[in-house]
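The values are calculated or read from the model by the stated rules, or taken from the named source; none is laboratory data. The structure displayed is predicted, hence computed values, not measured ones. No Cβ is skipped: glycine too gets one built from the backbone with ideal geometry, and neighbour counts run over all protein chains shown. Please note that ligands, DNA and RNA were not included when accessible areas were found on the heavy atoms of the full protein model with its side chains. Shrake-Rupley method; radii C 1.70, N 1.55, O 1.52, S 1.80 Å.
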Amino acid sequence: MRQIIFDTETTGLDPAQGHRIVEIGCVEILNRTVTGRNMHVYLNPDRDSDPEALAVHGLTTEFLSDKPRFAEIADELMEFMRGAEIIIHNAAFDTKFVNAEMARLGKPVMAEYCAKITDSLMEARQRRPGKRNSLDALCDFYGISNAHRTLHGALLDAQLLGEVWLAMTRGQDALLIEVEDDGSGSQLGGEILPRFDASGLPVLTASPEEMAEHQEYLLVLDKSAGGACVWRTYEPLPPAAEAAP
C-alpha cells in the first residue's frame, strides 16, 4: 500500500481569481512506514502573494523569483503520485489549485494519476465529531510535537500530517499473541510461561460524573450520525433521554 501525504502553499484562496501554487510537499508512506522519499519544490507563481497568504507561509516574491514554474515540474509530480492514495488535509482546497495548474497545461486532473484522494480532515471529523480538527489541534491530540512550526510550509505540514495520519488510523490486528497452551501454561519461543490469573485484577467503575459525560458524548455521536450511533447496539438510549423532546 503506497500513500502520498500532500500539501501546498498558495498566493491566495482561489485559483479562479488568478492565485497560484508557491510550494508543494509530498511525503511517501509505504505499508504504513514513512520511507524518507519526499518531493519538495518551491514554485514561481509569476505574481505576488496576498498579504494574508504571505503572513501564513512567508514566501516572498523575491525568494520565489528564480524558482521553477509549475509547468517545469508537473510531469515529475504526477509521476511521483502515480497509482498512490493521496492524503490531503482539506483536499478540496489543494486539488482545485493543482487541477487549475494542470488545466493551464492542457493535462488531465490530478485524480486521473492516482488511485484515490482521501481527505484527512473529513476522516478526523468522523473520528472526532464536534472537536477542532485543524492540523495543529490533531498534533496536540495525538501528542505530535509541532513546536518548530512557526510558519506554514508544505513539506513540514506534510510530514506532520503523515504522523497524524498514522496515529489516527492506527489499528491492532490482534489483541493477544498466539501461543500454545496445554492448560498448565503458555509456550512462547520455547519458553514455558506460567498461566496468567486475572482474578486479582481490580475492577474500576466509572463515577456518576464520568457516566454523565459519557452519555453527553453519545448524544453528540447520535446527532452526528443522524440517529442512533453504533454504540447504541451495546448501550441503548436511557428512557429519560428517549422521552426528552
*Quickly run through the stretch 15-35 and pick out the residues that are open to solvent by 10 Å² or more (accessible area, probe 1.4 Å) and either among the small types (Gly, Ala, Ser) or free of Cβ contacts under 8 Å to residues at least 24 places away in the same chain (or both).*
16, 17, 18, 33, 35
*asked:* Give all pairs with beta carbons closer than 6 Å in which a residue from the stretch 74-93 that is in a strand (DSSP E or B) meets a residue that is crowded, with 18+ Cβ neighbours inside 10 Å and of a type in the set (Asp, Glu); count only pairs at least 6 apart in sequence or on separate chains.
replied: 88/94
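For the stretch 37-45, indicate whether the set of residues that are in contact (Cβ under 8 Å) with a residue 12 or more places away in the chain, open to solvent by less than 50 Å² (accessible area, probe 1.4 Å) and in contact with a Cys (Cβ under 6 Å, 6 or more places away or on another chain) is non-empty.
Residues of the stretch 37-45 in contact (Cβ under 8 Å) with a residue 12 or more places away in the chain: 38-45.
With open to solvent by less than 50 Å² (accessible area, probe 1.4 Å) added as a condition, the list becomes 39, 41, 43-45.
Checking which are in contact with a Cys (Cβ under 6 Å, 6 or more places away or on another chain) leaves us with 39.
Yes - at least one qualifying residue is present in the stretch 37-45.
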*How many of the residues in the stretch 71-122 are under 18 Å from residue 10 (Cα atoms), in contact with a Phe, Trp or Tyr (Cβ under 8 Å, 6 or more places away or on another chain) and polar (S, T, N, Q)?*
0
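Residue by residue through the stretch 46-73, note down the ones that are of a type in the set (Phe, Trp, Tyr) and open to solvent by less than 20 Å² (accessible area, probe 1.4 Å). Working first, answer last.
Pass one, the stretch 46-73, residues of a type in the set (Phe, Trp, Tyr): 63, 70.
Passing the criteria: only 70.
Between 68, 108, which is without any contact (Cβ under 8 Å) to a residue 40 or more places away in the chain and out of contact with any strand residue (DSSP E or B) (no Cβ under 8 Å at 6 or more places or on another chain)? Outline the logic, then answer.
On the way: 68 fails: out of contact with any strand residue (DSSP E or B) (no Cβ under 8 Å at 6 or more places or on another chain).
Exactly one of 68, 108 is without any contact (Cβ under 8 Å) to a residue 40 or more places away in the chain and out of contact with any strand residue (DSSP E or B) (no Cβ under 8 Å at 6 or more places or on another chain), namely 108.
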*Restricted to the stretch 29-54, and to residues that are of a type in the set (A, V, I, L, M) and not in a strand (DSSP E or B), which residue is modelled with the highest pLDDT?*
43
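Under the condition of being among the hydrophobic types (A, V, I, L, M, F, W, C) and closer than 16 Å to residue 23 by Cβ, which residue from the stretch 82-120 is surrounded by the most Cβ atoms within 10 Å (Cβ to Cβ)?
We begin by selecting, within the stretch 82-120, every residue among the hydrophobic types (A, V, I, L, M, F, W, C); these are 84, 86-88, 91-93, 97-98, 100, 102-103, 105, 109-111, 114-115, 117.
Filter again for closer than 16 Å to residue 23 by Cβ, leaving 88, 93, 97-98, 100.
Working: 88: 23, 93: 17, 97: 23, 98: 25, 100: 18.
Among those that are among the hydrophobic types (A, V, I, L, M, F, W, C) and closer than 16 Å to residue 23 by Cβ, it is 98.
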*Of all residues making up the stretch 110-124, the number that are part of a helix (DSSP H, G or I), of a type outside the set (Asp, Glu) and closer than 23 Å to residue 99 by Cβ*: 5
